[in-house]
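Nothing in this text is a laboratory measurement; each read-out follows from the coordinates by a stated rule. This is a predicted model, so every value here is computed, not measured. Ideal geometry is used to build each Cβ from the backbone, glycine not excepted, and the neighbour counts take in all protein chains shown.
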Amino acid sequence: MPLIHALSRAVSVSLNADIVNLSLGDDTVQVALKGATVFSYIHAGAERLFLSSKSNPSSSDKAAVRGGVPVCWPIFGPPPADNPLYAKLKQHGFARTSVWQFVESESGEDSGVKGGVKAVFKLTPDETISALFTLPFELLYTVHLFSTSLKLTLQVRNPASAIAPLPFQALLHAYFRLPENVLPAHTLVTPLENLVFADKLQGGATDTERRRVVEVDGPGGEVDRVYYNAPDALTIAYKGRCDAVHVCKKGFESVVLWNPGPTTASKIGDMEPHGEEKYICLEPGLIKPWQILDPGREWEGSIEVTCEA
Ligand code: TA6
């Protein structure tokens with residue numbers, strides 16, 4: 001395995017085939033070049049992300065990773081029917097299936113305010129992307145492993161040479177692994193009270209969330225909601241337990257809560273048997289309104305995930 005650098009015994013970044021591995025003490029993160037998809041985050045000895053055993057993070061497999069944190073860009077969900085620029089795109093866009101470039105890594109003092117170790121990935125149009133999407137763009141994605149958290153930052157640039165604005169949606173489709181013996185229905189998300197949400201299970205009908213604490217449960221166990229204008233500090237907790245996951249988002253105004261439940265999950269080809277019992281998706285996103293970037297401008301969104309014992 002080629003070692004890119006290791007400033008001390010505790011911190012390293014390495015590239016093995018098409019997977020970038022970051023480590024900081026005993027904590028590790030694995031990132032697939034396919035989609036720059038973070039598909040493993042081990043903190044305090046426990047895996048914090050779900051990855052379906054039927055999914056293959058390697059670029060040799062063309063499907064998006066079923067698990068981890070796929071990056072949805074330039075659209076979330078199916079392409080809008082009224083805009084021909086997006087007509088050729090598949091659900092959630094091409095960023096999650098494109099092979100990104102690993103551009104740099106830094107560790108220790110160099111990597112930012114709180115130290116840690118980071119890796120930066122880049123996506124620009126290639127022949128395959130240009131056949132689907134004609135606008136120029138540059139995406140930078142920074143995966144930053146700290147001793148107590150994992151921070152993921154997406155930057156979108158419309159090159160100064162571009163002649164048109166760049167409209168897009170963006171979302172980090174995080175699959176959070178549940179602790180052993182905890183089911184989605186035992187999982188509690190806060191604070192979503194009083195937020196307007198669109199319920200995909202009701203054809204996108206909107207309503208207002210009245211629950212102070214939202215249990216991840218719905219008809220047949222299925223939940224698929226976009227909560228608009230969500231607070232930046234979100235918490236995933238579990239009934240009868242003290243551990244929790246804190247998700248601090250910036251730049252993403254909405255958050256999606258998704259679990260397919262057993263019936264829908266059984267129709268997802270790359271979902272492992274009973275996989276839907278092992279995670280909930282809490283997905284910070286820039287959904288409505290679309291961001292419209294003028295030439296030369298940049299947008300940034302991030303999430304920081306902190307697991308509390
Ligand atoms: O973010 C929730 C969602 O849009 C759901 O509607 C569901 O389809 C999910 O994403 C998974 O989408 P995928 O294209 O990865 O199967």
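Data table
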| item | result |
| --- | --- |
| Tensor-based shape of the stretch 264-309 (alpha-carbon gyration tensor, a/c under 1.5 rounded, otherwise prolate or oblate) | oblate |
| Estimated FRET transfer efficiency (residue 246, residue 215; beta-carbon r; R0 22 Å; 0.05) | 0.75 |
| Residue among 152, 136, 19 farthest towards the positive dipole end of the chain, charges placed on Cβ | 136 |
| Contact order relative to length of the chain, as percent, for alpha carbon pairs under 8 angstrom and 6 or more apart | 17 percent |
| Cα-projected label distance for residue 46 with residue 90, points at 7 Å along beta-carbon direction, nm | 3.4 nm |
| Whole-Å distance, taken between Cα centres, linking the stretch 260-309 and the stretch 32-79 | 10 Å |
| Reachable lysines from residue 278, criterion Cα separation under 18 angstrom, eight or more residues apart if same chain | 54, 239, 267 |
| Cleavage-rule hits, trypsin sites (Lys or Arg not before Pro), the stretch 39-87, DSSP coil, Cβ neighbours within 10 Å at most 14 | 62 |
| Whether the stretch 77-177 is rounded, prolate or oblate, judged on the alpha carbon gyration tensor where a/c under 1.5 counts as rounded | prolate |
| Fewest-first sequence of 100, 299 by Cβ atoms within 10 Å of each Cβ | 299, 100 |
| Under the Karplus curve 6.51 cos²θ - 1.76 cosθ + 1.60, θ = phi - 60°, whole-Hz ³J(HN,Hα) for the stretch 91-107, x wherever Gly or Pro sits | 3, 6, x, 9, 4, 6, 10, 7, 8, 8, 9, 8, 8, 6, 9, 9, 9 |
| Extension reserve of the residue 148-residue 17 stretch, reckoned as 0.36 nm per residue once the Cα distance is removed | 44.4 nm |
| Global form of the stretch 193-309, assessed from the alpha-carbon gyration tensor, a/c cut-off 1.5 | prolate |
| Spin-label pair residue 308/residue 60, simplified geometry with 7 Å Cα→Cβ offset, distance in nm | 4.4 nm |
| The chain - mean residue ellipticity at 222 nm from DSSP helices (-39,500 (n - 2.57) per run, n ≥ 4, rounded to 500) | -500 deg cm²/dmol |
| ³J(HN,Hα) computed for each position of the stretch 115-125 - Karplus, 6.51 cos²θ - 1.76 cosθ + 1.60, integer Hz, glycine/proline x | x, x, 9, 9, 10, 10, 10, 9, 9, 10, x |
